[in-house]
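K.L.:
Please see the structure below; I have some questions.
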Amino acid sequence: MTATHNATLPIFARSVPGRIGHKLPSGDVPATEPTSVLKRHMLRQQAAHLPEVSEPEVVRHYVTLSTRNHHIDKDIYPLGSCTMKYNPKINDAVAELPGFAQLHPLQGEGQIQGALELMFHLEQALKAMTGMHSFTLQPPAGSSGELVGVLMMRRYHQARDDDRKVIVIPDSAHGTNPASVVMAGYQTVKVATDDRGRVDLADLRSKLSSEVAGMMLTQPNTLGLFEDHIETIAGLVHEAGGLMYMDGANLNALIGLTRPADMGFDITHINLHKTFSTPHGGGGPGSGPIGVTRQLSSYLPAPRVAQDISGVYRWDEGQAESIGRVHGHFGNFGMLVRAYAYILALGGDGLANMSRRAVLNANYLKSTLTDIYDLPYGDGTMHEFVLSGRRQKERGIKTLDIAKKLLDYGVHAPTVYFPLVVPEALMIEPTESETRSTLDRFSAILREIDGLVDSDPDGIRAAPRNTPVRRLDETTANRELDVHWMAE
Ligand SMILES: *Cc1c(COP(=O)(O)O)cnc(C)c1O
């Protein structure tokens, strides 16, 4: 064997026949017929081809894997719109309690009272924070919540024999918004962004009609700016007979400061994995509860958690107008446990401080960068801000290159090229988790990279050098995703 850094060896390459790293109890299910529930044809004919390694080697394998990717436990992860805040480890410990983790979704209500109680109380907390009348916890992502919300809009209009066709979406919207609208059978109508980075009211007025089923709006919007004409906007849409949907992905800016229902929204999703710190990334898991006002509550997916007068929790299936079930069981329960633990740990004041500090951190970081990076829309930044790399592009370096160069410093890049209304966008969301010194360090890195645009442009274009893989063919990586390592 050549002298290789052991950590770079895949676990199969470390395998030595007969080496063992586990000690399993003997099985308590008979292995063969006739006594076994397992039929002979179901049994493996040959032993599985598993690596034979010692326990320390297994541990090293996973620790190595964990360091090959960037994650919030390594360093700042200011990926705009994604709210990559620190996920307190206590939340995982709580979710792993056997009484939660070992439940089966088909267990009877009598055996899962604690789980139902947790879901019931989580809904109460979400109601208090949003002002909504009722919630479903079923949707397993924000995007899936959007679809549920739009299907409920549809049901609302159908109940009025009102065949509306379109949903209005700002041109700064997240891509999932138009996708959900189209999946629910509507067409999208775009509304422009004005020169302050908010919904252009004149354009909105021109797009409203009796065809409009509703409007989907992110608050604060994807430029990180508070839509300060929200009452006017909601008034106009309601006047036209439409409903207001709030994309709640940016709720981290608002808790304890204002509530979707108070601003005139009828429906909102919450990304529990963003605002309430459940680990996310790499495609999941997630949780996207939907909250609605009283007039829409009967359309919510069933079953819903209910509490009897005697205090007993049960599943309530009896919603004749419900849009039906949207998840095989009751949602990503482990995420619900983590979110509830986080909410309880912070409490009302703590959650309001969380949002205040998220806004403070974004505004502070922004103030350290705007002399160098262009800020097209800047007034009223909440929890994130969007810079433009156009000055750097004029000097020969694209935003993509800046993002790749950041990786060499061991930090994650911001979201880039979104929202589409900002050319060469760098969307930065530091979250409340980061200290001032981390923000200063991140800012210093971005300033240093700006200097390199002139002194070492080829070095930037060749970045990243310090990562396990360099620049990838991202299109092929997306289309032909291959996450398996196969033994020869
Ligand atoms: C994250 C996000 C979504 C989609 O949420 P998922 O949970 O990723 O499906 C929608 N809108 C905005 C603005 C987002 O940031």
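K.L.:
Please work out which residue is nearest to HIS49 (Cα to Cα), limiting yourself to region 441-487 and to residues that are touching a residue at least 60 places away in the same chain (Cβ under 8 Å) and not in a helix (DSSP H, G or I).
P.N.:
ALA487
K.L.:
May I ask you to list the residues in region 113-127 that are more than 16 Å from the ligand (Cβ to nearest atom) and either acidic (Asp, Glu) or touching a residue at least 24 places away in the same chain (Cβ under 8 Å) (or both)? Break it down into steps so the answer makes sense when it comes.
P.N.:
At the first step, the residues of region 113-127 found to be more than 16 Å from the ligand (Cβ to nearest atom) are 113-125, 127.
Hits for region 113-127 are GLN113, ALA115, LEU116, GLU117, LEU118, MET119, PHE120, HIS121, LEU122, GLU123, ALA125, LYS127.
K.L.:
Moving on. In this structure, does PHE120 turn out to be hydrophobic (A, V, I, L, M, F, W, C) and in a strand (DSSP E or B)?
P.N.:
Spelling it out, it is not the case that PHE120 is hydrophobic (A, V, I, L, M, F, W, C) and in a strand (DSSP E or B).
K.L.:
Looking only at residues that are within 15 Å of the ligand (Cβ to nearest atom) and in a loop (DSSP other than H, G, I, E, B) in region 160-182, which one is surrounded by the most Cβ atoms within 10 Å (Cβ to Cβ)?
P.N.:
SER172
K.L.:
Would a scan of region 283-297 turn up a residue that is more than 16 Å from the ligand (Cβ to nearest atom) and closer than 30 Å to GLU96 by Cα?
P.N.:
no
K.L.:
Tell me yes or no: at least one residue of region 299-309 is of a type outside the set (Asp, Glu), assigned by TED's automatic domain parsing to the domain that holds GLY114, over 20 Å from the mean Cα position of the chain (by Cα) and over 15 Å from PHE135 (Cα atoms).
P.N.:
Yes, because at least one residue in region 299-309 is of a type outside the set (Asp, Glu), assigned by TED's automatic domain parsing to the domain that holds GLY114, over 20 Å from the mean Cα position of the chain (by Cα) and over 15 Å from PHE135 (Cα atoms).
K.L.:
Taking the conditions exactly as written (surrounded by fewer than 20 Cβ atoms within 10 Å (Cβ to Cβ), under 28 Å from ILE90 (Cα atoms) and in contact with a helix residue (DSSP H, G or I) (Cβ under 9 Å, 6 or more places away or on another chain)), does ASN353 satisfy them or not? Quick ask: steps written out before the conclusion?
P.N.:
Numbers: surrounded by fewer than 20 Cβ atoms within 10 Å (Cβ to Cβ): yes; under 28 Å from ILE90 (Cα atoms): yes; in contact with a helix residue (DSSP H, G or I) (Cβ under 9 Å, 6 or more places away or on another chain): yes.
Yes, satisfied.
K.L.:
ILE343 is checked against (1) in contact with a Leu (Cβ under 9 Å, 6 or more places away or on another chain); (2) free of Cβ contacts under 8 Å to residues at least 60 places away in the same chain; (3) among the β-branched types (Val, Ile, Thr) and fails just one. What number does that condition carry?
P.N.:
All conditions are met except number (2).
K.L.:
Which ones in region 266-296 are closer than 18 Å to GLN219 by Cβ and among the basic types (Lys, Arg)?
P.N.:
LYS274
K.L.:
Condition check: within 30 Å of LEU351 (Cβ to Cβ) and surrounded by fewer than 20 Cβ atoms within 10 Å (Cβ to Cβ). Does PRO88 satisfy that?
P.N.:
Criteria met by PRO88.
K.L.:
Checking the conditions here, which among GLY142, GLY114, GLY131 is on the phi > 0 side of the Ramachandran plot and not hydrophobic (A, V, I, L, M, F, W, C)?
P.N.:
Residue meeting the stated conditions: GLY131.
K.L.:
Among (1) surrounded by fewer than 23 Cβ atoms within 10 Å (Cβ to Cβ); (2) among the small types (Gly, Ala, Ser); (3) in contact with a Ser or Thr (Cβ under 9 Å, 6 or more places away or on another chain), where does GLY185 come up short?
P.N.:
Of the numbered conditions (1) surrounded by fewer than 23 Cβ atoms within 10 Å (Cβ to Cβ); (2) among the small types (Gly, Ala, Ser); (3) in contact with a Ser or Thr (Cβ under 9 Å, 6 or more places away or on another chain), the odd one out for GLY185 is (3).
K.L.:
Any chance region 396-408 includes a residue that's closer than 30 Å to HIS121 by Cα, in contact (Cβ under 8 Å) with a residue 24 or more places away in the chain and of a type outside the set (A, V, I, L, M, F, W, C)? Talk me through it step by step, then tell me what you get.
P.N.:
Step one: list which residues in region 396-408 are closer than 30 Å to HIS121 by Cα, which gives none.
Checking region 396-408: not a single residue is closer than 30 Å to HIS121 by Cα, in contact (Cβ under 8 Å) with a residue 24 or more places away in the chain and of a type outside the set (A, V, I, L, M, F, W, C).
K.L.:
Among LEU79, LEU151, which is the only one that is within 16 Å of the ligand (Cβ to nearest atom), touching a residue at least 12 places away in the same chain (Cβ under 8 Å) and within 29 Å of ILE428 (Cα to Cα)?
P.N.:
Just a single option satisfies the conditions, and that option is LEU79.
K.L.:
Here's something else I'd like to know. Take the conditions assigned to a loop (DSSP other than H, G, I, E, B) and surrounded by fewer than 19 Cβ atoms within 10 Å (Cβ to Cβ) and apply them to ASP262. Does it pass?
P.N.:
Here the answer is no, as ASP262 does not meet what is asked.
K.L.:
Same structure, new question: Of all residues in region 128-148 being within 11 Å of the ligand (Cβ to nearest atom) and in a loop (DSSP other than H, G, I, E, B), which is nearest to the chain's Cα centre (by Cα)?
P.N.:
Start the filter on region 128-148 by keeping residues that are within 11 Å of the ligand (Cβ to nearest atom), which leaves 139-147.
Now drop any that are not in a loop (DSSP other than H, G, I, E, B), which leaves 139-141.
Values: PRO139: 12, PRO140: 10, ALA141: 7 Å.
Among those that are within 11 Å of the ligand (Cβ to nearest atom) and in a loop (DSSP other than H, G, I, E, B), it is ALA141.
K.L.:
Something else about it: Pick from region 133-146 the residues that are buried (at least 24 other Cβ atoms within 10 Å of the Cβ) and out of contact with any Pro (no Cβ under 7 Å at 6 or more places or on another chain): which of them is nearest to SER180 (Cα to Cα)?
P.N.:
GLU146
K.L.:
When you go through (1) within 21 Å of HIS269 (Cβ to Cβ); (2) touching a Pro at 6+ places or on another chain (Cβ under 9 Å); (3) surrounded by fewer than 20 Cβ atoms within 10 Å (Cβ to Cβ) one by one for GLU123, which number turns out not to apply?
P.N.:
The number of the failed condition is (3).
K.L.:
Would region 387-400 turn up any residue that is outside any helix (DSSP H, G or I) and on the phi > 0 side of the Ramachandran plot? So that I can check it myself, show each step before the final result.
P.N.:
Narrowing region 387-400 to residues outside any helix (DSSP H, G or I): 387-389, 395-398.
If we keep only those that are on the phi > 0 side of the Ramachandran plot as well, we get 396.
The answer is yes, given that some residue of region 387-400 is outside any helix (DSSP H, G or I) and on the phi > 0 side of the Ramachandran plot.
K.L.:
Taking ARG314 and the conditions (1) out of contact with any Pro (no Cβ under 6 Å at 6 or more places or on another chain); (2) within 14 Å of the ligand (Cβ to nearest atom); (3) closer than 26 Å to GLY334 by Cβ; (4) not in a helix (DSSP H, G or I), which numbered condition does it fall short on, given that it satisfies the others?
P.N.:
Of everything listed in (1) out of contact with any Pro (no Cβ under 6 Å at 6 or more places or on another chain); (2) within 14 Å of the ligand (Cβ to nearest atom); (3) closer than 26 Å to GLY334 by Cβ; (4) not in a helix (DSSP H, G or I), ARG314 misses just condition (2).
The values are calculated or read from the model by the stated rules, or taken from the named source; none is laboratory data. These figures come from a predicted structure and were not determined experimentally. In this analysis, Cβ positions are derived from the backbone assuming ideal geometry, glycine residues included, and neighbour counts consider all displayed protein chains.
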